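Have a look at the structure below, then the notes.
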Amino acid sequence: MNGGFEARPDERCQRGLAVSYFVARGYDEERLRAALQAAWNHSLIEASETWGKRTVRRLVRQFRFEVRLGVRDGEISFLHRALASPEQRAAQSGVFESCLRTAIAAKEERT
Amino acid sequence: MARTLGPYVSSPHGKRLMGKEPLVFHCNYYNYFLQKTLLLDDELAMHEVIADAAASSAFATLSNAARGLELGTPDARRKLAEYTFSELGFGTIDLSRVTPSGGVAHVPVSHYGRCLRAASGAEFARPQSYFDAGFAAAAASVIHGVPLESLEGRIEACQSMGAPEGRIAVGPRKRRDAYFVSCGQGGQWAGTPVGPNKDTHVDESAILAALGTLDFSGNEEGLVPRFGVMLTNHFANFYNRISFEFVHRMKSTGLMEAAEDLLVEAGFRCAFHTFGGIMSSAEWDAVIKPQCKTKEDWVHGMVATVNALGWGVWRVHELSAERLVVRAYDDYESSGWLGTYGKAERPVSYLMAGGVAGIMNLIHVGDISRKPTLDLGFYEKVFESDARFFPRQVKSMAMGDDYSEVVAER
């Protein structure tokens with residue numbers, strides 16, 4: 001764990017593109033959503049999907065990345081787009097992780 | 001994202017059509033292993049068959065869709081072709097520089113160019129985007145009203161070999177053999193399949209309804225990242241043509257049964273990665289796993305999910321820890337065979353056979369519920385174990401039976 005989360009890259013079919021983030025003690029999902037939007041000047045396209053009893057929120061920056069919030073309890077899926085360069089992938093991962101730390105801290109403050 | 005597309009049309013027995021062509025979901029791993037199998041022997045010239053099968057299937061889809069949408073201009077038909085390529089998960093293609101006399105199609109993102117590399121774990125020594133070459137030729141034919149027989153696509157650059165983007169040169173066809181004509185839906189059984197097996201906690205209709213709400217269209221890059229794999233919503237008749245022609249060409253060398261075994265092996269790989277990916281995915285955990293109380297329920301859940309893939313209607317006829325019998329109504333392989341060649345002398349449901357045994361191997365040999373890493377070592381441990389399940393095709397719709405039946409036993 002580093003900063004309250006663990007990042008596990010997908011070693012399979014989406015090798016190099018998908019990373020799963022695990023947050024054992026939870027995070028403030030609305031705070032994370034807002035932080036991500038603010039970090040990218042409110043340009044992320046948002047959508048939601050119903051997976052059984054679960055609602056998954058998707059935030060997309062076209063041709064760069066997609067974030068899926070709520071795929072499992074305490075798990076977030078981050079998918080780099082194929083056209084994102086290695087530099088862009090590193091940068092957007094860094095921004096995402098910074099936003100996630102903020103959302104984890106917000107949750108801890110509340111509890 | 002609003003795309004001009006031929007509408008998706010539901011057809012009986014789990015089929016979904018676009019431009020009158022049946023679509024089936026398959027992932028980058030199956031696409032990789034199937035193509036790897038077909039390209040094993042250069043003398044079979046299967047790369048030409050792959051490109052031609054892509055051209056024929058894409059031509060049928062695009063020309064039917066363009067007619068149905070009454071697209072009167074080359075520009076409108078070009079957009080249809082580009083959107084269709086992206087919608088179905090093949091990537092993104094720019095056909096703006098392809099004229100009636102030819103030109104170069106640019107492929108910034110190619111499923112075959114990029115996503116097979118992820119499956120193989122390495123770059124390739126030869127190009128993999130034969131599908132893109134065929135699609136580009138078909139698109140040029142439909143866009144400009146040029147006979148398909150006069151065109152072919154040739155790979156100039158492929159991302160599978162490290163090129164930054166794919167390039168397909170579309171020009172006059174040099175080969176003299178004709179493209180095959182896609183059979184559309186092909187053979188269809190007129191009856192009504194039996195309902196889902198009731199001896200389970202799994203509610204298939206609820207699973208299909210839940211999966212029906214998910215977005216399986218290609219994203220802005222024309223890719224479909226789902227279930228931990230890269231999906232394509234592919235042309236069933238593409239798979240049929242390349243598989244059956246492979247068997248035909250191998251038969252002429254006296255190796256027909258070996259060819260059939262290799263296609264079943266590709267089905268094992270499909271099961272391992274696609275079914276394994278599905279059963280390890282967050283989507284499975286949210287939608288299907290809550291209904292699964294026993295290992296048998298996992299089998300029923302996976303079969304219910306197969307029925308969302310466009311492969312026909314699968315029904316669990318018999319199930320124990322030692323044996324699975326699945327009956328498939330209008331399995332796409334049999335439908336395609338019947339529509340193209342008429343009644344078969346041998347069963348042709350290779351993918352189905354591999355898939356049925358694969359489900360049992362994943363659940364009863366590999367215990368997929370423990371979410372193992374789906375790597376080569378685990379594949380060998382499960383599918384090459386002494387306890388593995390083998391499939392037998394005991395009935396075949398292509399041979400005149402009402403359904404195809406596969407028995408998987410140890």
Checklist entry - Along the positive direction of the dipole of the protein assembly as shown (beta-carbon charges: Lys, Arg +1; Asp, Glu -1; about the Cα centre), which of B:F268, B:T99, B:A140 reaches farthest? => result B:T99
Checklist entry - Using modelled backbone amide H atoms (1.01 Å from N, in-plane), which distant-in-sequence or interchain residues come within less than 5 Å of B:H201's amide H? => result B:K293
Next on the checklist: What value in Å³ per residue do you get for the convex hull of the alpha-carbon atoms in the protein assembly as shown?
Outcome noted: 143
Item to check | List of the stretch A:55-100 residues, accessible area with partners at least 50 Å² below that of the chain alone (1.4 Å probe) | outcome: A:R68, A:R72, A:R81, A:A82, A:L83
Checklist outcome for this item: In terms of the alpha carbon gyration tensor, root eigenvalues a ≥ b ≥ c, rounded if a/c is under 1.5 and otherwise prolate when a/b exceeds b/c or oblate, chain B is prolate
Next on the checklist: Give me the Å³ per residue figure for the convex hull around the C-alpha atoms of the stretch B:45-172.
Outcome noted: 89
Checklist entry - Between B:T294 and B:T99, what length comes free when the chain is fully extended (0.36 nm per residue of separation minus the Cα-Cα distance, one decimal in nm)? => result 64.4 nm
Checklist entry - Just which residues of the stretch B:117-154 lose 10 Å² or more accessible area with every protein chain there, against their chain alone, with the probe set to 1.4 Å? => result B:A118, B:G121
Next on the checklist: Using the Karplus curve 6.51 cos²θ - 1.76 cosθ + 1.60 with θ = phi - 60°, what ³J(HN,Hα) values do you get for each residue of the stretch A:73-86, in whole Hz, with x for Gly and Pro?
Outcome noted: 4, x, 10, 10, 9, 10, 10, 6, 6, 4, 7, 5, 6, x
Next on the checklist: Suppose a student asked you for the relative contact order of chain B, using Cα pairs under 8 Å spaced at least 6 residues apart; what percent would you report?
Outcome noted: 19
Next on the checklist: Considering only protein heavy atoms and a probe of 1.4 Å, how much of the accessible area of the protein assembly as shown is carbon and sulfur, as a whole percent?
Outcome noted: 50
Next on the checklist: What FRET efficiency comes out for B:T73 versus B:E123 if R0 is 41 angstrom and r is the Cβ-Cβ distance? Round to the nearest 0.05.
Outcome noted: 0.55
Checklist entry - Which ³J(HN,Hα) values in Hz, rounded to whole numbers, follow from the phi angles of the stretch B:102-110 under the Karplus curve 6.51 cos²θ - 1.76 cosθ + 1.60, where θ = phi - 60° and Gly and Pro get x? => result x, x, 10, 8, 9, 10, x, 10, 10
Item to check | Size of the B/A contact, given as accessible area buried on both chains, probe 1.4 Å, in Å² | outcome: 2200
Next on the checklist: Of the candidates B:L116, B:L88, B:L211, which one comes out as most mobile in a Gaussian network treatment of chain B with C-alpha springs shorter than 10 Å?
Outcome noted: B:L211
Item to check | Å² per residue, accessible surface of the protein assembly as shown at 1.4 Å | outcome: 39
Checklist outcome for this item: Nearest 10, in degrees from 0 to 90: the angle of helix B:350-360 to the longest Cα principal axis of chain B is 40
Checklist entry - Using a simple charge model, +1 on the beta-carbon of Lys and Arg, -1 on the beta-carbon of Asp and Glu, nothing else, what dipole does the stretch B:45-172 show about its Cα centre, in debye to the nearest 20? => result 140
Checklist entry - What distance in nm separates the simple spin-label points at A:D73 and B:L214, each placed 7 Å from Cα in the Cβ direction? => result 2.2
Checklist entry - Given a Förster radius of 22 Å and the C-beta distance between A:E109 and A:F22 as r, what FRET efficiency does 1/(1 + (r/R0)^6) yield to the nearest 0.05? => result 0.60
Next on the checklist: Once each part is reduced to its C-alpha centroid, what is the distance from the stretch B:34-111 to the stretch B:343-386 in angstrom?
Outcome noted: 32
Checklist outcome for this item: In order over the stretch B:259-266: 3J(HN,Hα) from phi, Karplus 6.51/-1.76/1.60, θ = phi - 60°, whole Hz, x for each Gly or Pro, gives 4, 5, 4, 5, 5, 5, 4, 4
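The values are calculated or read from the model by the stated rules, or taken from the named source; none is laboratory data. Everything numeric here is computed off the predicted structure, so don't read it as measured data. Please note: Cβ atoms are built from the backbone with ideal geometry, for glycine as well, and neighbour counts cover all protein chains shown. Note: accessible area is taken over every heavy atom of the protein model, side chains too, but ligands, DNA and RNA are not part of it. Shrake-Rupley method; radii C 1.70, N 1.55, O 1.52, S 1.80 Å.
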